[in-house]
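The values are calculated or read from the model by the stated rules, or taken from the named source; none is laboratory data. Keep in mind the model is a prediction, meaning the values are calculated, not measured. Counting neighbours? That spans all protein chains shown, and the Cβs are built from the backbone with ideal geometry, glycine included. All accessible areas refer to the heavy atoms of the entire protein, side chains included, with ligands and DNA or RNA removed. Shrake-Rupley method; radii C 1.70, N 1.55, O 1.52, S 1.80 Å.
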Amino acid sequence: MSSRGSKMEEVKLFGYWVSPFCRSVEIALNIKGIQYEYIEEDLTNKSPQLLQYNPVYKKIPVLLHNGKPIVESMVILEYIDETWKNNPILPEDPFEKARARFWANFVDQKCFPALWKTIWSTSEQYEQNKAEALERLKVLENELGGKRFFGGDSIGMVDIVANFIGFSFRTIQEALKLDVFTEDNFPKLWEWAENFANCSPVKKCLPPQDKLIANFPPAYMGKTLVSSFQSRLQLQFHPPAAAK
Amino acid sequence: MAEEVKLFRTWSSPYALRIVWALKLKGIEYETIFEDLTNKSPSLLQYNPTHGKVPVLVRDGKPVCESLVILEYVDEIWKHNPLLPQDPYEKSMARFWANFGDDKLMKSIWQLFIAHEKDQDVAAVAALENLKIVEEQLKGKKFFQGETIGYLDLAFGWIANLVSILEEIMSLKLVDGERFPHLSSWIQHFIDAPVIRDCWPPRDKMIIKFQVMRENYLAAATPK
């Protein structure tokens, strides 16, 4: 059983710098002000520790708290919120909490894959994938409404899970000259993204823009390099096979 | 104070069954609204505009969607007979395994179910591997969380019923007592539990439904 604030607490995070799932965990730890050791994994050569701590999926992120591993980013977020009660990332009211979980799932299962697909589209696939992504972003824009953040006045679980939309996707789409998430089409979401990326728990762990852009060179678009990229990143979402 | 609780469901949805069981375990009175998903009611579309899916739990006019989210909500509103463990680490384990059940296990069994004969061997490997992982989790335990039925049993509850139905249609035995003694034993305990056993959908109706579904999938995927 952990004792909050005790010097005996050991928190480690196994991650990969570009992974938005890993980013979610880092943001949550930063919000709570938790000191942790970060271990960058080479996903082409996974450490014995990673394989030991996540034998089922063999993926990052893995949070290790006093020697006990917790895996899957959304499960980790809930664990963090329940273990360290300061600066909650979920509402206290059960109904509002259920709403937040629903929208976090929507971002994770519907928005992220749709946006990801647009990055990996061939020119034939792009318009269709873009249409799907626009649909999802529209739903999100409506849900945000007049709020500063999905969590209200401060960022919460939904904002955290949407970190890919809040930062990395805009950087990548600019580099690849995509026109999915635009200020004209999604003014509220655009403003949300600006505010989100400027929050200090988020700013602390954002990848450098140039490194991010270099990871997604324009040459990838339309080429059949999907499978090698996927094996490097080992993200849960499987990009569609590029058309031959 | 009388609460108004409604559950939107279909007669066959395994996800909705989770909520039926949970409400029964907690002794909560509620109204059931059966939906025809080919002709969704305006209420369902109002309460779940994003997905239009069941189950939806509506309590005092406020809708909660997604079965695992609803289970947690039910557990937080009605705190007696808790479904989830109290300890955050144990809770995270339960959530992890529930997600595994839906994301990996159910999907792999479904892939086997709709596979053409030539693809069945490969699909079976994945399904059996995932079942083995679940088998390991049940070692030394009557139910997933110990002696009593909890969140994870409800999350995995579909195995106890749907798998044998799919097996019958496929003429293929997946969960046999020899390879999966703990899972088989859990199935027996779960299926006979007083809170659980009266809620199963009619087996013959399920067989017809999934038989038709399988035929449609196989026909649609027939290689040219």
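Check region B:31-44 and report whether any residue there is out of contact with any strand residue (DSSP E or B) (no Cβ under 6 Å at 6 or more places or on another chain), more than 11 Å from every other protein chain (Cβ to nearest Cβ) and closer than 18 Å to B:PHE144 by Cα. Lay out the reasoning, then the answer.
The first filter runs over region B:31-44 and keeps only residues out of contact with any strand residue (DSSP E or B) (no Cβ under 6 Å at 6 or more places or on another chain), leaving B:34, B:36-43.
Filter once more, keeping what is more than 11 Å from every other protein chain (Cβ to nearest Cβ): B:34, B:36-43.
Right, trim to closer than 18 Å to B:PHE144 by Cα and you get none.
Scanning region B:31-44 turns up no residue that is out of contact with any strand residue (DSSP E or B) (no Cβ under 6 Å at 6 or more places or on another chain), more than 11 Å from every other protein chain (Cβ to nearest Cβ) and closer than 18 Å to B:PHE144 by Cα.
Any residue at all in region B:101-110 that's at pLDDT 95 or above and not in a helix (DSSP H, G or I)?
Scanning region B:101-110 turns up no residue that is at pLDDT 95 or above and not in a helix (DSSP H, G or I).
Within region B:119-136, is there a residue that is open to solvent by less than 10 Å² (accessible area, probe 1.4 Å) and either modelled with pLDDT under 95 or polar (S, T, N, Q) (or both)?
Checking region B:119-136: not a single residue is open to solvent by less than 10 Å² (accessible area, probe 1.4 Å) and either modelled with pLDDT under 95 or polar (S, T, N, Q) (or both).
Any idea how many residues of region B:198-224 are surrounded by 11 or more Cβ atoms within 10 Å (Cβ to Cβ) and among the charged types (D, E, K, R)?
Total satisfying the criteria: 5.
Any idea which of (1) part of a helix (DSSP H, G or I); (2) under 22 Å from A:VAL71 (Cβ atoms); (3) not acidic (Asp, Glu) is the one B:LEU84 doesn't satisfy?
Single failed check for B:LEU84: (1).
If the Cβ limit is 6 Å and pairs must be 6+ apart or interchain, which residue in region B:133-154 that is within 14 Å of chain A (Cβ to nearest Cβ) pairs with which residue that is surrounded by 13 or more Cβ atoms within 10 Å (Cβ to Cβ) and at pLDDT below 95?
B:LEU152/B:GLN145
Residues being surrounded by 21 or more Cβ atoms within 10 Å (Cβ to Cβ) and more than 10 Å from every other protein chain (Cβ to nearest Cβ): count how many of those fall in region B:73-100.
Number of matching residues: 1.
Please state which of the following conditions A:ALA131 fails to meet, knowing it meets all the rest: (1) in a helix (DSSP H, G or I); (2) among the small types (Gly, Ala, Ser); (3) crowded, with 19+ Cβ neighbours inside 10 Å.
With respect to (1) in a helix (DSSP H, G or I); (2) among the small types (Gly, Ala, Ser); (3) crowded, with 19+ Cβ neighbours inside 10 Å, A:ALA131 is out only on (3).
I need the helices (runs of 4 or more DSSP H) fully contained in region A:1-117, keeping only those with at least 2 residues that are surrounded by 16 or more Cβ atoms within 10 Å (Cβ to Cβ) and not aliphatic (A, V, I, L, M).
On the way: elements: A:20-32, A:48-53, A:73-83, A:94-106.
So the answer is A:20-32, A:73-83, A:94-106.
Look through A:TYR16, A:TYR38 and report the one residue that is outside the structural domain of A:SER168 (by TED's automatic domain parsing) and within 24 Å of B:LYS104 (Cα to Cα). Explain how you work it out, then say what you get.
On the way: A:TYR38 fails: within 24 Å of B:LYS104 (Cα to Cα).
The match here is A:TYR16.
Taking A:GLU143 and the conditions (1) part of a helix (DSSP H, G or I); (2) closer than 22 Å to A:LEU212 by Cβ; (3) of a type outside the set (Ser, Thr, Tyr), which numbered condition does it fall short on, given that it satisfies the others?
Looking at each condition in turn, A:GLU143 falls short on (2).
Is at least one residue of region A:31-43 within 11 Å of chain B (Cβ to nearest Cβ) and either more than 30 Å from B:VAL74 (Cα to Cα) or of a type outside the set (Val, Ile, Thr) (or both)? It would help to see each step written out before you state the result.
Here is the first cut: in region A:31-43, the residues within 11 Å of chain B (Cβ to nearest Cβ) are none.
Looking for residues that are within 11 Å of chain B (Cβ to nearest Cβ) and either more than 30 Å from B:VAL74 (Cα to Cα) or of a type outside the set (Val, Ile, Thr) (or both), one finds none in region A:31-43, hence no.
Can you tell me which condition B:PRO63 does not meet? The list is (1) under 15 Å from the mean Cα position of the chain (by Cα); (2) under 19 Å from A:LYS110 (Cβ atoms), and all the others hold.
Every condition holds for B:PRO63 apart from (1).
Take region B:47-57 and flag every residue that is in contact (Cβ under 8 Å) with a residue 12 or more places away in the chain and surrounded by fewer than 22 Cβ atoms within 10 Å (Cβ to Cβ).
Let us first name the residues in region B:47-57 that are in contact (Cβ under 8 Å) with a residue 12 or more places away in the chain, namely B:47-48, B:50-57.
Hits for region B:47-57 are B:TYR47, B:ASN48, B:THR50, B:HIS51, B:GLY52, B:LYS53.
Which of the residues spanning region B:165-197 are under 17 Å from the mean Cα position of the chain (by Cα), farther than 19 Å from B:ALA16 by Cβ and open to solvent by 20 Å² or more (accessible area, probe 1.4 Å)? Talk me through it step by step, then tell me what you get.
As a first pass, look at region B:165-197 and keep what is under 17 Å from the mean Cα position of the chain (by Cα): B:165-167, B:175, B:183-184, B:186-193, B:195-197.
From what is left, the residues that are farther than 19 Å from B:ALA16 by Cβ are B:167, B:175, B:183-184, B:186-189, B:192.
Within region B:165-197, B:SER184, B:ILE187, B:GLN188, B:HIS189, B:ASP192 meet the criteria.
Sort through A:PRO94, A:PRO69 and tell me the only one that's touching an Asp or Glu at 6+ places or on another chain (Cβ under 6 Å) and free of Cβ contacts under 8 Å to residues at least 40 places away in the same chain. Step through it out loud before you land on a result.
Working: A:PRO69 fails: touching an Asp or Glu at 6+ places or on another chain (Cβ under 6 Å).
Every option except A:PRO94 fails the conditions.
Within region A:42-63, identify whether any single residue is under 20 Å from A:LEU206 (Cα atoms) and without any contact (Cβ under 8 Å) to a residue 12 or more places away in the chain, and answer yes or no.
Yes, the conditions are met somewhere in region A:42-63.
Residues checked against (1) modelled with pLDDT under 95; (2) within 16 Å of the chain's Cα centre (by Cα); (3) within 14 Å of chain B (Cβ to nearest Cβ):
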position	(1), (2), (3)
A:ASN86	no, no, no
A:ARG99	no, no, yes
A:SER121	yes, no, no
A:ALA131	no, no, no
A:GLU143	no, no, yes
A:MET157	no, yes, yes
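Of the residues that make up region B:47-60, is at least one assigned to a helix (DSSP H, G or I), of a type outside the set (S, T, N, Q) and either within 11 Å of chain A (Cβ to nearest Cβ) or over 21 Å from A:PHE106 (Cα atoms) (or both)? Write out each step before concluding.
Pass one, region B:47-60, residues assigned to a helix (DSSP H, G or I): B:47.
Filter once more, keeping what is of a type outside the set (S, T, N, Q): B:47.
Imposing the further condition that a residue be either within 11 Å of chain A (Cβ to nearest Cβ) or over 21 Å from A:PHE106 (Cα atoms) (or both) reduces the set to none.
The answer is no, given that none of the residues of region B:47-60 is assigned to a helix (DSSP H, G or I), of a type outside the set (S, T, N, Q) and either within 11 Å of chain A (Cβ to nearest Cβ) or over 21 Å from A:PHE106 (Cα atoms) (or both).
Under 20 Å from A:LYS130 (Cα atoms), modelled with pLDDT of 85 or more and open to solvent by 60 Å² or more (accessible area, probe 1.4 Å), is that true of A:GLU191? Outline the logic, then answer.
Working: under 20 Å from A:LYS130 (Cα atoms): no; modelled with pLDDT of 85 or more: yes; open to solvent by 60 Å² or more (accessible area, probe 1.4 Å): yes.
Taking the combined requirement at face value, the residue does not satisfy it.
Within the bounds of region A:157-170, is there any residue that is surrounded by 17 or more Cβ atoms within 10 Å (Cβ to Cβ) and farther than 19 Å from A:LEU77 by Cβ? Lay out the reasoning, then the answer.
First, the residues of region A:157-170 that are surrounded by 17 or more Cβ atoms within 10 Å (Cβ to Cβ): A:157-170.
Then drop every residue that is not farther than 19 Å from A:LEU77 by Cβ, which leaves A:169-170.
Yes, region A:157-170 contains a residue that is surrounded by 17 or more Cβ atoms within 10 Å (Cβ to Cβ) and farther than 19 Å from A:LEU77 by Cβ.
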